[in-house]
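What follows is one structure encoded as structure tokens, with my remarks underneath.
The values are calculated or read from the model by the stated rules, or taken from the named source; none is laboratory data. The model shown is predicted, which means the values in this text are computed figures rather than measured ones. Because the Cβ atoms are built from the backbone with ideal geometry, glycine has one as well, and the counts that use them run over all protein chains shown.
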Amino acid sequence: MNNLISVSNLSKSFGSENALSNVSLDIKRGEIFALLGPNGAGKTTLISCICGLTTQTAGNIRINNYDTISNFRETRKLIGLVPQELPFDSFESVYNTCQFSRGLFGMTPNDVYIKEVLKSLSLLEKKDLQIFGLSGGMKRRLLIAKALSHEPKILFLDEPTAGVDVALRKDLWELISNLKKKGVTIILTTHYIEEAEQLADRVGIINSGKLVLVKDKADLMQEFNKKSTIITLRKKMQRLSKELKDSNISLIESGNKIKYISANGESNNLQSILNYLSKEKIDYSEINTVNNSLEDIFLELIEKNEH
Ligand SMILES: Nc1ncnc2c1ncn2[C@@H]1O[C@H](COP(=O)(O)OP(=O)(O)OP(=O)(O)O)[C@@H](O)[C@H]1O
Ligand SMILES: [Mg+2]
């Protein structure tokens with residue numbers, strides 16, 4: 001069976017508020033799945049339900065064919081969770097925190113493995129330090145080390161790089177890719193769309209508790225692949241001439257630039273714009289073309305979903 005996690009018709013309400021409404025989602029073995037969505041969309045709630053930290057109002061979740069409620073222990077053991085909030089501030093040392101967490105899942109102590117994990121997170125030299133002596137970024141890394149301590153098959157990362165500096169973010173991306181190579185299935189939430197663009201095999205977008213889209217990242221980027229071409233004029237244009245009237249062509253920056261959005265390699269309109277400019281002897285200094293990023297696609301989808 002290819003699906004490691006199966007979420008079926010999951011709903012979760014807090015009082016009268018529906019944090020999740022009828023969410024169904026399969027996570028494939030070995031993939032990196034990125035869950036995107038605005039603040040309050042339900043990302044953390046979905047993760048909490050899958051990890052058994054909160055009980056769903058309706059629906060069910062199976063991990064490796066075990067139900068997360070009736071077989072809580074079996075399923076929880078498979079999971080490493082890196083929570084969104086920094087929960088700890090204790091006198092315990094970095095090393096003991098990891099070894100203790102490993103023990104909680106019934107695993108015998110493994111000095112070599114824990115040191116290897118700490119090393120991969122650049123925490124080895126801090127192993128004897130008490131947690132309150134760590135910086136914010138180090139605490140976040142410790143959360144990851146702790147989540148990995150019992151050698152889980154599935155890793156949930158809830159905004160793993162929030163508040164982490166750029167260099168460290170790149171290191172964490174590498175660590176996540178390496179875990180995937182070792183066969184760990186990874187589900188991450190992030191507000192850095194670039195992160196999803198870099199790491200994910202598939203992307204899910206959640207908005208107001210509803211899963212609005214699940215797609216292969218590559219397909220998503222292909223399907224919504226649009227280019228914006230900006231032509232910088234040497235002289236301002238007051239209004240767009242009738243000949244150029246098209247929903248994909250607009251005047252921007254007070255008439256100093258023409259913007260043209262084209263889909264999937266179509267370029268007829270660009271030719272007509274250039275022909276028109278040359279006929280009217282309007283000079284231009286620059287033509288720039290940029291591809292839509294996953295961020296543009298995300299914003300477009302959220303906007304569509306809200307209307
Ligand atoms: N324990 C709780 N009690 C009451 N309401 C809750 C609780 N946990 C979450 N909610 C509500 O459920 C909704 C979804 O919250 P959730 O934390 O899942 O969002 P999120 O997508 O993780 O957002 P963020 O990007 O800000 O982390 C929100 O409206 C939130 O207020
Ligand atoms: Mg959250």
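Things to note:
- Residue that is nearest to ligand 2 (Cβ to nearest atom) [pool: residues in the range 24-63 that are more than 19 Å from Ser11 (Cβ to Cβ) and modelled with pLDDT of 95 or more]: Ala34
- Leu155 within 16 Å of ligand 2 (Cβ to nearest atom) and closer than 22 Å to Leu199 by Cβ: no
- From the options Glu197, Glu151, Glu174, residue that is without any contact (Cβ under 8 Å) to a residue 24 or more places away in the chain and not small (Gly, Ala, Ser): Glu174
- Enumeration of residues in the range 225-241 that are within 33 Å of the chain's Cα centre (by Cα) and of a type in the set (Ser, Thr, Tyr): Ser228, Thr229
- Hey, Lys115 over 19 Å from Leu179 (Cα atoms), touching a Leu at 6+ places or on another chain (Cβ under 8 Å) and in the same structural domain as Ser48 (by TED's automatic domain parsing) or not: no
- Of the strands (runs of 3 or more DSSP E) lying entirely inside the range 1-93, those containing at least 3 residues that are closer than 26 Å to Ala162 by Cα, in contact with a helix residue (DSSP H, G or I) (Cβ under 7 Å, 6 or more places away or on another chain) and aliphatic (A, V, I, L, M) are 17-28, 32-36.
- Residues satisfying the stated conditions in the range 70-81, i.e. at pLDDT below 95 and of a type in the set (A, V, I, L, M, F, W, C): Phe72
- Look at the range 36-47: where a residue is assigned by TED's automatic domain parsing to the domain that holds Ser13 and at negative phi and a partner is near ligand 2 (Cβ under 8 Å from one of its atoms) and of a type in the set (Val, Ile, Thr), sitting 6+ places away or on another chain with Cβ atoms under 6 Å, you get Lys43/Thr189.
- Among the residues of the range 184-230, just one is within 16 Å of ligand 1 (Cβ to nearest atom) and of a type in the set (Asp, Glu), namely Glu195.
- Criterion violated by Val7 - all others in (1) away from ligand 2 (no atom under 15 Å from the Cβ); (2) surrounded by fewer than 16 Cβ atoms within 10 Å (Cβ to Cβ) satisfied: (2)
- Identity of the residue in the range 131-145, in contact with a strand residue (DSSP E or B) (Cβ under 8 Å, 6 or more places away or on another chain) and either away from ligand 1 (no atom under 16 Å from the Cβ) or not assigned by TED's automatic domain parsing to the domain that holds Pro87 (or both), that ends up nearest to Glu85 (Cα to Cα): Ile144
- Test: residue in the range 61-78 that is under 24 Å from Val212 (Cβ atoms), in contact (Cβ under 8 Å) with a residue 24 or more places away in the chain, within 16 Å of ligand 1 (Cβ to nearest atom) and surrounded by fewer than 14 Cβ atoms within 10 Å (Cβ to Cβ): no
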